[in-house]
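Here is the structure we will look at.
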Amino acid sequence: MHYSFSTVLMTILASNLLIILITFCFRKEKLMLSIGYKLLAVFLILTLIRFLFPFELPFTKSLYLPEFISIFIFYFRYSFIKRGTLKISLWLIFECVWLIGSLVCLYRHNKSRSRTARYIAVSGRDVTMLEPVKTLLTNICGNKKNPFRVIIIPDLDSPKIFGILSPRILVPDYLDLNSEEFRFVLQHESYHYYHHDLLIKEAVNLLCILYWWNPVCRIFKEQVGLILEMHVDDSLVNSDSTVAKAYMSSLIHILETASGRKNSIPLGLTVAMTCTGEEELVRRFQMLCHKRDKTRIPIFILLLMMVISIYICSYGIILEANYCAQIENDDILFDSYTGFHAVLKKDGTYDLYLNDIFTENLENLDYYPDIPVVTEGE
């Protein structure tokens, strides 16, 4: 495996292309419900793996970019400041900003999680073992594991579930719910846990932290949240019109009661019952009012193949610059190969250097026929 600028470039292109593809494909509600949560799991796994392994594999083939793009890449990587061992390029600045931004976002995310856990511990009131909560949870979980704690908590705008390993169902203290509405709340949040929605949401958070500079990530995060809610709605109602009416009535009651309420827990750390907003709630109701569709196998296979193809191609093909730009410095114009040399490595590939600065790894020197070559170790 080989790591280089080109492998990082392919990782960025492939990951963001996958994010954009999924974001725009799932603008249709029926498509979103029919295949969204199934394809979403595959997408998240592939995208995270692609980001974590930005390497060139033995079977990877180079695809050389057009000259005008190669010129841009060359100058983007060229060290315009050289002070001893310090060499600064636009690419190095981008890497530093990207890394710092990701670390800041990760720090804020973890800080919010710690604050939320402390707030729940200090302000919450555990009612898990009280009736009717205990009986309702027992009936809802059935033969499944029951890891839940139900916490009554102030300053909350909607019922939520928090905690991947130790799930806590959070219920606002101001809500006056009848037994049916309370059962819907517990069902809804427990379904999120059994569907692994908290884990999916955390994976999305990680992806958006890594690509904090991509504006599409915000839209993607919102769509993932809507997909998760639709999946739970669909599972809970199970095409029963009577249950659907009672369930929608409960959602309306909770949303109306929560209107204008303060919220002390960030939505990004939880999966909430009604925090998607009125417009998104209308879309959820529209889906509940339609007859439940079976998974659209042809469309699912098509989108799945598109996602897998992008993933495989991002490893099978690597985009590389092929233009040795001319550099003008203090009225001295150097020819194309001035300052360049290649190092023949043991695996048969070549490392290209400009003024002893590594630029890229090549399978061959077809685009550099007259460049000086030395063998690795000499």
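Just so it is clear, none of the values below were taken in a lab; they were calculated from the coordinates. What you see is a predicted model; the values in this text were computed from it and never measured. Using ideal geometry, Cβ is built from the backbone for each residue, glycine included, and neighbour counts are taken over all protein chains shown.
Here are the numbers:
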read-out	value
Calculated from backbone phi, Karplus (6.51, -1.76, 1.60) coupling profile of segment 152-165 in Hz, x at Gly/Pro	8, 9, x, 6, 9, 9, 6, x, 9, 10, 9, x, 6, 8
Taking the C-alpha atoms of segment 43-161, convex hull volume expressed per residue in Å³	254
Computed lengthening from GLU180 to THR375, 0.36 nm per intervening residue step minus Cα-Cα distance	62.5 nm
SER112/ILE219 FRET efficiency (R0 22 Å; Cβ-Cβ; nearest 0.05)	0.55
Other-chain or far-sequence residues with amide H under 5 Å of GLU320's (modelled H)	LEU63, TYR64, LEU65
Estimated vicinal HN-Hα couplings, Hz - segment 56-63 in sequence order (Karplus 6.51, -1.76, 1.60; Gly, Pro = x)	9, 9, x, 8, 5, 10, 7, 10
Residue order, fewest to most surrounding Cβ atoms within 10 angstrom, among SER235, SER241, SER62	SER241, SER235, SER62
Net charge dipole size for segment 38-108 [Lys, Arg +1 and Asp, Glu -1 on Cβ; Debye, nearest 20]	160
Assigned charges on the beta-carbon of Lys, Arg, Asp, Glu; segment 139-201 dipole about Cα centre (debye)	460
Order of VAL42, VAL171 under a 10 Å beta carbon neighbour criterion, fewest first	VAL42, VAL171
Residue among ALA203, VAL171, VAL133 farthest towards the positive dipole end of segment 95-292, charges placed on Cβ	ALA203
For segment 88-230, size of Cβ-based charge dipole, Lys and Arg +1, Asp and Glu -1, in debye	500
Karplus-derived 3J(HN,Hα), 6.51/-1.76/1.60, for each residue of segment 104-121, Hz, glycine and proline x	5, 4, 5, 4, 4, 4, 5, 5, 4, 5, 5, 4, 5, 4, 5, 4, 5, 5
